[in-house]
């Protein structure tokens, strides 16, 4: 199956739900190329960026599951065609 490269930006405003975010990311661990997490203590939020290489349906499913967690905002940017 053809895969796409994408970057998923995640902002966790309710850090009580960080465990739920990590559980979803662990579920999709095979398609994660890299991850960077930044706790922004001054604002009380966490910022995570995830680079993925997976079928588009899997990337959409991952983004959707993350976006349904309360206090979590998600945006996905796809590479044009790699």
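Values in this text are rule-based calculations from the coordinates and carry no lab data. Here the structure is a predicted model, which is why all the values come from computation and not from measurement. Positions of Cβ are generated from backbone atoms using ideal geometry, with glycine treated the same way; all protein chains shown enter the neighbour counts.
Points worth noting:
- When the range 1-30 is limited to residues that are part of a strand (DSSP E or B) and touching a helix residue (DSSP H, G or I) at 6+ places or on another chain (Cβ under 8 Å), the one that is surrounded by the fewest Cβ atoms within 10 Å (Cβ to Cβ) turns out to be 4.
- Screening the range 64-74 for residues that are in contact with a strand residue (DSSP E or B) (Cβ under 6 Å, 6 or more places away or on another chain) and more than 24 Å from residue 3 (Cβ to Cβ) and picking the one that is surrounded by the fewest Cβ atoms within 10 Å (Cβ to Cβ) gives 73.
- Members of the range 31-63 found to be surrounded by fewer than 13 Cβ atoms within 10 Å (Cβ to Cβ), in contact (Cβ under 8 Å) with a residue 12 or more places away in the chain and outside any loop (DSSP other than H, G, I, E, B), listed by number: 33, 34, 36
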